[in-house]
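Asker: Before anything else, here's the structure in question.
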Amino acid sequence: MSTPLEKLFTEAKTENRALLIGYLPAGFPTQKKAKKIIKAMVSGGVDAIEIGYPYSDPVMDGPVIQAASDEAIKNGAGVAEVFELLQTSVELGVPSVIMSYWSPIEKYGATEFAREVAKRGGSGVITPDLTFEESDRWRLESTQNSLNRIYVVAPSSTKDRLSKVANECTGFVYAASLMGVTGTRSLVSANAKQLVERIRSVSNTPIAVGLGVSNKEQAKEVAVFADGVIVGSAFIKVVQEFGAGRTGLKKVKQLAESLSEGVRSARKI
Amino acid sequence: MAKEKIQDYESKVLGHFGPYGGRFVPEALIAALDELAEAHSQAQSDPEFNAELNQLHKTYSGRPSILTDAKRFSQYAGGARILLKREDLNHTGSHKINNVLGQALLTKRMGKKRIIAETGAGQHGVASATAAALFGLECVVYMGEADTKRQALNVARMKLLGAEVVPVTQGSKTLKDAINEAMRDWVTNVETTHYLLGTVAGPHPFPTIVRDFQRIIGVEAREQVLELTGKLPDAVLACVGGGSNAIGIFHPFIEDASVRLIGLEAGGKGIETGLHAATISGGSPGVLHGTRSYVLQDKDGQTVESHSISAGLDYPGVGPEHAYLNDLGRAEYRPITDDQAMYAFSLLCKSEGIIPAIETAHALAGALEIGNELGKEATLLINLSGRGDKDVQTAAEYFGLPL
């Protein structure tokens, strides 16, 4: 049985377009505001949502997401907020996944975590620091609960490794566009394109590109060759600058609209 | 414990120690970790590599380090014989140089020109900066901002040696956050850069590599004790933060079933206060910095900030091999409070004329406890892992001395 996320990728393929995937840490800047931000993202045209589990030691993340995670944790965000925001997002009608470092999942219990994600209607979990070798348990739990298992691959991955990890993924393969941590970048696409081509040669699973995409032009460029475009830090920056009041939410929606336009116009002639 | 169990406990392939160890890192680092594991395993069986390292030990860092019979200190330790393995006499003032020279040679072997390192007390940073100068490598050291203040002298030493010191302002601004920053640098610059990790934590192969380069402490000490006393010691003691000096002296004794292996963790203000860095005594199994081990964490798996008067032990994780030795019952781990450590610090200064690092003072406090438990028939081998010059300011403040 396919997850809502898988169905959406199939639909997008028939429409010949890439998906826009938005990221927000649970409880950022507060849980109440996070719910409104997600709503603004979705009403601006974001197709799918990643709820970040704010973690104390996010080694994959740059300063923007680190600061957002710290703020969320300070404001009390924990596992309850992660599941609650996941449910909020699902109820808005968009396929939603959790992105979490392994420590919080292991502490909660992989079995219980997988069950709860499924119960809340989540499509899957992105695990940025769970390696193929350590995945036996998660493979079992995610399969039993019909969840997508999404791993992050990088430009440094060897062909052999790329094939192993990509074939472990369901839903989509998360392609890190560059060697580095999350954050907005001025240049994205050259490395990303090459990586996407390398993944395509070993796997048929949809590929979404993350790390560095922050504006319409970049989203458009990436959407030409990828099946999904992931944007996180750019949304967070807007909230950090304008807050999550009326102005901030309007700006979030505008960014989503602009990125969505980029994604939707990429393959039109 | 049965011999075969001891020999089998380390999985050579995945870097697991029982349920601990392994790799929990972004995929971007896998290629570099594989390259490092391969370089290490080739080097281990390369006589030229070993000859070069031995030569450096002999003519640069001053090995073998000597064994000191601490007769006056012994009077405070129930009369037990106290033998100090003097890693404080190594070049740069601690055991950290052993690992750094080994990894610097590996860096050369891999053709990389830049090293990055994390540091808490500054000892590993100084050692890394030293090796970088010796081998002509670029060196960047990440250090928590709080630690740059309490270890200002070592910051100056690193800069004099030509390294760049980056103060880390995130999180608790200590060693844990310095490691996060170093990992982020590594993810970004992995092609040109070797991450010279200073302790037996982190993803495979680091716990194995660092252990292999620190084993020399125990190999030498075992021979020296046998030669001096004609028998094995009753117990081997070392302080444990990440656990590199402890695993270095423990490892060659693991199969000597009669020898107790005792790690002394930083009990800070006392485990019951929550202000401590005693990861095994007061933590639980979890994942931190790329490895599964004991971690100080809350119910959500968030790392809890540690506390210790000693910057080098102020770390909420511990090496996975220690976690497994603890669970097997082969090694025991006890907390030592700030006050106990400072008492032992002062005692060694005044009874032996040796100013130890505050990290090391935790092992000395353990010697006072264990010596009094075992009495004067016992022989205790203590790893005197570092000297205390860097701690003079902290100690002066603690004892209320005018500066």
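The values are calculated or read from the model by the stated rules, or taken from the named source; none is laboratory data. Just so you know, these numbers come straight off a predicted model, no measurement behind them. Neighbour counts run over all protein chains shown; Cβ positions are idealised from the backbone, glycine included.
Asker: So in the range A:123-162, with the set limited to residues that are at the interface with chain B (Cβ under 8 Å from one of its Cβ atoms) and assigned to a helix (DSSP H, G or I), which one is nearest to A:SER96 (Cα to Cα)?
Answerer: Only one residue fits best here, namely A:GLU134.
Asker: Checking B:ALA121 against (1) of a type in the set (A, V, I, L, M); (2) outside any loop (DSSP other than H, G, I, E, B); (3) at pLDDT below 95: exactly one of these is not met. Which one?
Answerer: It is condition (2) that B:ALA121 fails.
Asker: Is there a residue being of a type in the set (Ser, Thr, Tyr), surrounded by 22 or more Cβ atoms within 10 Å (Cβ to Cβ) and either touching a Pro at 6+ places or on another chain (Cβ under 9 Å) or over 20 Å from B:ARG387 (Cβ atoms) (or both) anywhere in the range B:86-107?
Answerer: Yes.
Asker: Sticking with this structure for a sec: Here is a list: B:ILE97, B:ILE82. Which entry is assigned to a helix (DSSP H, G or I), out of contact with any Cys (no Cβ under 8 Å at 6 or more places or on another chain) and either away from chain A (no Cβ under 14 Å) or not hydroxyl-bearing (Ser, Thr, Tyr) (or both)?
Answerer: Details: B:ILE82 fails: assigned to a helix (DSSP H, G or I).
Within the list B:ILE97, B:ILE82, the selection yields B:ILE97.
Asker: Residue by residue through the range B:342-395, note down the ones that are surrounded by fewer than 18 Cβ atoms within 10 Å (Cβ to Cβ) and among the aromatic types (Phe, Trp, Tyr).
Answerer: B:TYR343
Asker: Same structure, new question: Which ones in the range A:186-229 are among the β-branched types (Val, Ile, Thr) and closer than 18 Å to A:CYS169 by Cα? It would help to see each step written out before you state the result.
Answerer: Our first condition is that a residue be among the β-branched types (Val, Ile, Thr); within the range A:186-229, this holds for A:188, A:196, A:199, A:202, A:205, A:207, A:209, A:213, A:222, A:224, A:229.
Within the range A:186-229, A:VAL196, A:ILE199, A:VAL202, A:THR205, A:ILE207, A:VAL209, A:VAL229 qualify.
Asker: Quick one: would you say B:LYS376 is part of a loop (DSSP other than H, G, I, E, B), touching a residue at least 12 places away in the same chain (Cβ under 8 Å) and among the charged types (D, E, K, R)?
Answerer: Values: part of a loop (DSSP other than H, G, I, E, B): yes; touching a residue at least 12 places away in the same chain (Cβ under 8 Å): yes; among the charged types (D, E, K, R): yes.
Here the answer is yes, as B:LYS376 does meet what is asked.
Asker: Scan the range B:201-225 residue by residue and report those that are within 15 Å of B:ILE254 (Cβ to Cβ) and of a type outside the set (Val, Ile, Thr).
Answerer: Answer for the range B:201-225, where residues must be within 15 Å of B:ILE254 (Cβ to Cβ) and of a type outside the set (Val, Ile, Thr): B:PRO207, B:ARG211, B:ASP212, B:GLN214, B:ARG215, B:GLY218, B:ALA221, B:ARG222.
Asker: Continuing with the same structure: Considering the range A:83-118 alone, what residues qualify as being of a type outside the set (Gly, Ala, Ser), touching a helix residue (DSSP H, G or I) at 6+ places or on another chain (Cβ under 8 Å) and within 13 Å of another protein chain (Cβ to nearest Cβ)?
Answerer: A:PHE83, A:TRP102, A:PRO104, A:ILE105, A:TYR108, A:PHE113
Asker: Restricting the search to the range B:264-311, which residues are at pLDDT 95 or above, hydrophobic (A, V, I, L, M, F, W, C) and within 24 Å of B:THR208 (Cα to Cα)?
Answerer: Answer for the range B:264-311, where residues must be at pLDDT 95 or above, hydrophobic (A, V, I, L, M, F, W, C) and within 24 Å of B:THR208 (Cα to Cα): B:LEU264, B:ALA266, B:ALA277, B:ALA278, B:ILE280, B:VAL287, B:LEU288, B:VAL295, B:LEU296.
Asker: If a residue has to be surrounded by 18 or more Cβ atoms within 10 Å (Cβ to Cβ), over 14 Å from A:ILE49 (Cβ atoms) and not charged (D, E, K, R) to count, how many in the range A:72-99 make the cut?
Answerer: Result for the range A:72-99: 5.
Asker: Now for a separate question. Only one of B:HIS276, B:HIS307 is in contact with a Leu (Cβ under 6 Å, 6 or more places away or on another chain) and within 24 Å of B:GLN170 (Cβ to Cβ). Can you tell me which?
Answerer: Numbers: B:HIS276 fails: in contact with a Leu (Cβ under 6 Å, 6 or more places away or on another chain).
Just a single option satisfies the conditions, and that option is B:HIS307.
Asker: With B:VAL210, B:VAL140, B:VAL200, B:VAL166 as the choices, which residue is at negative phi and without any contact (Cβ under 8 Å) to a residue 40 or more places away in the chain?
Answerer: Only one candidate qualifies: B:VAL166.
Residue-by-condition table, conditions (1) farther than 13 Å from A:PHE235 by Cα; (2) outside any loop (DSSP other than H, G, I, E, B); (3) within 12 Å of chain B (Cβ to nearest Cβ):
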position	(1), (2), (3)
A:GLY22	no, yes, no
A:PHE28	no, no, no
A:GLU50	no, yes, no
A:VAL59	yes, no, yes
A:ALA68	no, yes, no
A:GLU71	yes, yes, no
A:ALA80	yes, yes, yes
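Asker: Given the residues B:GLY111, B:GLY102, which is the only one that is in a loop (DSSP other than H, G, I, E, B) and not acidic (Asp, Glu)?
Answerer: B:GLY111
Asker: A follow-up question, please. Mind listing whichever residues of the range B:141-172 are away from chain A (no Cβ under 12 Å), within 26 Å of A:THR182 (Cβ to Cβ) and surrounded by fewer than 22 Cβ atoms within 10 Å (Cβ to Cβ)?
Answerer: Matches in the range B:141-172: B:GLU145, B:ALA146, B:GLU164, B:VAL165, B:VAL166, B:PRO167.
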